[in-house]
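Asks: One structure coming up, written as structure tokens, with questions to follow.
The values are calculated or read from the model by the stated rules, or taken from the named source; none is laboratory data. Because the structure is predicted, anything quoted here is derived from the model rather than measured. Ideal geometry is used to build each Cβ from the backbone, glycine not excepted, and the neighbour counts take in all protein chains shown. Please note that ligands, DNA and RNA were not included when accessible areas were found on the heavy atoms of the full protein model with its side chains. Shrake-Rupley method; radii C 1.70, N 1.55, O 1.52, S 1.80 Å.
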Amino acid sequence: MKADFRTGLTHTQRVVVDRDRTIGFMGEGMRVYSTPSMVLDVERTCKDFLGRYLADEENSVGMRVEIDHLGPALLDTWVDVNITVTEIDRRKVTFEAEVRDALDVIGKAKHIRFVVELAKQKERLEAKKMKLAQLGT
């Protein structure tokens, strides 16, 4: 991680609530932003922002997401995902997020990411792949 990465940094990402980000089980007229899409948008916003502060040989993986989906966002509107870095513990980074549409706070979240060294991560994944092959899966 670069030295200028610190707690208190903030970032906002605007996301359009397109059809793929909505639920359809209540009928076409009641399509709203889905909880899984909100989770994905919070995680992506945090990952992309953190990525600006990582070395080329680093990336990050999600460790935890806690989310409260507080209200609807309508199809073809936008939401802003506002994030703040609240804690840095070596390679573990905690974010608080607030998701708003033009009228309301529609979600709040806490997201934890872990910074990995790509070479070491590749070794771990290859070792797991080999163990699974030995099990015949």
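Asks: If you scan the stretch 88-115, which residues turn out to be part of a strand (DSSP E or B) and closer than 14 Å to S60 by Cβ?
Replies: I88, D89, K92, V93, T94, F95, H111, I112, R113, F114, V115
Asks: Pick from the stretch 21-52 the residues that are touching a Ser or Thr at 6+ places or on another chain (Cβ under 9 Å) and among the charged types (D, E, K, R): which of them is surrounded by the fewest Cβ atoms within 10 Å (Cβ to Cβ)?
Replies: Looking at residues that are touching a Ser or Thr at 6+ places or on another chain (Cβ under 9 Å) and among the charged types (D, E, K, R), I get K47.
Asks: Kindly provide the set of residues from the stretch 87-97 that are surrounded by 14 or more Cβ atoms within 10 Å (Cβ to Cβ) and of a type outside the set (G, A, S), ordered by number.
Replies: Matches in the stretch 87-97: I88, K92, V93, T94, F95, E96.
Asks: Is it the case, given these coordinates, that E126 is part of a strand (DSSP E or B), open to solvent by less than 90 Å² (accessible area, probe 1.4 Å) and free of Cβ contacts under 8 Å to residues at least 40 places away in the same chain?
Replies: So E126 does not fit the description; no.
Asks: Okay, next question. Could you say which residue among G136, G107 is open to solvent by 30 Å² or more (accessible area, probe 1.4 Å) and either over 30 Å from A3 (Cα atoms) or modelled with pLDDT of 95 or more (or both)?
Replies: Working: G107 fails: open to solvent by 30 Å² or more (accessible area, probe 1.4 Å).
From the options G136, G107, the qualifying one is G136.
Asks: Could you check V65 against (1) in contact with a His (Cβ under 6 Å, 6 or more places away or on another chain); (2) in contact (Cβ under 8 Å) with a residue 60 or more places away in the chain; (3) surrounded by fewer than 19 Cβ atoms within 10 Å (Cβ to Cβ) and say which number it fails?
Replies: Single failed check for V65: (2).
Asks: Next question, about the same structure. Is it the case, given these coordinates, that T12 is of a type in the set (S, T, Y), open to solvent by 50 Å² or more (accessible area, probe 1.4 Å) and outside any loop (DSSP other than H, G, I, E, B)?
Replies: Details: of a type in the set (S, T, Y): yes; open to solvent by 50 Å² or more (accessible area, probe 1.4 Å): yes; outside any loop (DSSP other than H, G, I, E, B): yes.
Against the criterion (of a type in the set (S, T, Y), open to solvent by 50 Å² or more (accessible area, probe 1.4 Å) and outside any loop (DSSP other than H, G, I, E, B)), T12 qualifies.
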